[in-house]
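For reference, the structure is listed below as C-alpha cells.
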Amino acid sequence: MPLSPEQATRRQAAVAAVLGRVIVTYMVSVVLATLTILVFVTHLRDGPGRGELVAGTIALLAANVALTVAAVRGRYLLASVGVFLVGTLAVVGYAQAVFLDAQVHLLIIGLLFSTFVFLGPEQDGARLVTGMFGLAAFLYVEFGISPDDVLFPLDPDSVEPAQTFVRLGMAVHVATDVALMQYRFAASRQTLLGVARFAELRATTDEMTGLSNRRPVMDRLTEWFEGGEGGYTVALVDVDQFKAVNDDLGHDCGDALIRDVAETMRRVFRESDLVSRWGGDEFLVLMPGLRREDASEVLERLRREVRGAERACEGRQMVATVSIGAAICVPGQTPDEVITAADKALYRAKESGRDRVVVLEGEAFVDASH
C-alpha cells in the first residue's frame, strides 16, 4: 500500500509505541527479578560483605524502579541504555559475590542483545558504547574473577538450579529479542515499500485528478509497439472552451471542472483502459481490444455524460462539453503516429463545431456523434 511521508511517519511512531510498551514490560520484569534477588541475598548467611550486598541490591532495585518510571514516561533511550549499564554492573557484582559458578555473566549477552533491539537505527553512538561496555564486563567476569574471590559461593546442590535459571533467562531474552527484531524488520520493510510505492505513484499520477500522467501511457504504448500489437484505440478528449471557464468563473472552478470530467471518465471506461491527463484540459485514453464501433459507442457515451451533468460553481451553473478525437492503431504504427492521428481527429471534431466524437480509421474520418 502506498504511504505518504506523513503516513510513513505515523507508522514509524506506531512501531515505536509498540516497542515502548515492550520496554515498559521488560523493565517491570527486571524490577521483579531484582526483588527476587533481594529476597535471596537477605537469606544468605552472615559474613563479611553481606550487608554491602544487601544494600547494593536495594540500590539496584531503586535504580530499576527509577528506570521503569522513565520508560513509562516515554524516555525509552534512557531506560534501554540505563537498564543495560546498571544490569551489567549488577551482574559483575553478583558474579563476584555469589553467582560465578552459575555463569551469571551470560546474562550480559542477553542484556546487550535486548538493548541493541530497543535502540533505534539512528542511535549508533549508544549502540557502540553499550557494545564495548558489555564486552569488557563479560571478559572481566570470564577471565578476571577467580572462584576463590567469591564471597558467598553457591553450595554444590544450588549450582545446577542456578545455571538452569540463567539459561532460562538467556532463552527468554533471545526468543523475545528475535521476535522483536523480526517485527521491526517487517515493519521497516513494509514502510519502505509503501514509501517507494508512493513515490512511484507520484511520478506516474496527475496530482489534481488522480489519473495517470504521460509516463505510463508512453510506457504502455512502447510495450505494445515493441510487441507488434495493433488494434487498440487512442482517444484524445478536450474540454471545449475551457479558457472561457477559467476567465469567467475563475481557476478554482476550472480545476473543479477538470476533476469532474476525470471522475466521469473513470466511470465510463473499463479497468483495462488507461485513462490519463495529457495536460491542461486534455485527456488521453488507451483502449485495447475494441472494434471501431465499440470504441465509438464508449466515447459517445462519455460525450453525452459530460454534456448532461449538472454542475455549479460560485453560485453559477457550469455547462461543459468535450470534443473527442480517436484513432485505431494498425500494426507497424509507432506510438507517435497513432497519437498524431488521434490529434488530427480531435482537430476535425473541433473544426466541426465541438461536442463531437470523430474516429480516424485508416485514412477516413468517421463522425461517431449522433
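Yes or no, residue by residue, for (1) surrounded by 15 or more Cβ atoms within 10 Å (Cβ to Cβ); (2) touching a residue at least 12 places away in the same chain (Cβ under 8 Å); (3) not small (Gly, Ala, Ser):
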| site | (1), (2), (3) |
| --- | --- |
| Met1 | no, yes, yes |
| Val28 | yes, yes, yes |
| Val39 | no, no, yes |
| Gly56 | yes, yes, no |
| Asn64 | yes, yes, yes |
| Ala71 | yes, yes, no |
| Gly82 | yes, yes, no |
| Thr88 | yes, yes, yes |
Exercise. When you go through Gly169, Gly125 one by one, which is the residue that is in a helix (DSSP H, G or I) and surrounded by 14 or more Cβ atoms within 10 Å (Cβ to Cβ)?
Worked result: Gly169
For this session: Could you grab me the full set of residues in the stretch 257-289 that are outside any helix (DSSP H, G or I), touching a Phe, Trp or Tyr at 6+ places or on another chain (Cβ under 9 Å), crowded, with 19+ Cβ neighbours inside 10 Å and not hydroxyl-bearing (Ser, Thr, Tyr)?
Result: Val275, Arg277, Asp281, Leu284, Val285, Leu286, Met287
For this session: Scan Gly110, Gly134, Gly120 and give me the residue that is over 12 Å from Val166 (Cβ atoms) and surrounded by 20 or more Cβ atoms within 10 Å (Cβ to Cβ).
Result: Gly134
For this session: Would you kindly identify the strands (runs of 3 or more DSSP E) lying entirely within the stretch 320-370 that contain at least 1 residues that are among the charged types (D, E, K, R) and modelled with pLDDT under 95?
Result: 357-361, 364-367
Seminar exercise, completed: Filtering the stretch 92-122 down to residues that are touching a Phe, Trp or Tyr at 6+ places or on another chain (Cβ under 8 Å) and part of a helix (DSSP H, G or I) yields Val92, Ala97, Val98, Ile108, Ile109, Leu111, Leu112, Ser114, Thr115, Phe118
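The values are calculated or read from the model by the stated rules, or taken from the named source; none is laboratory data. All of these numbers come straight from a predicted model, not from anything done at the bench. All Cβ positions, glycine included, derive from the backbone under ideal geometry; neighbour counts span all protein chains shown.
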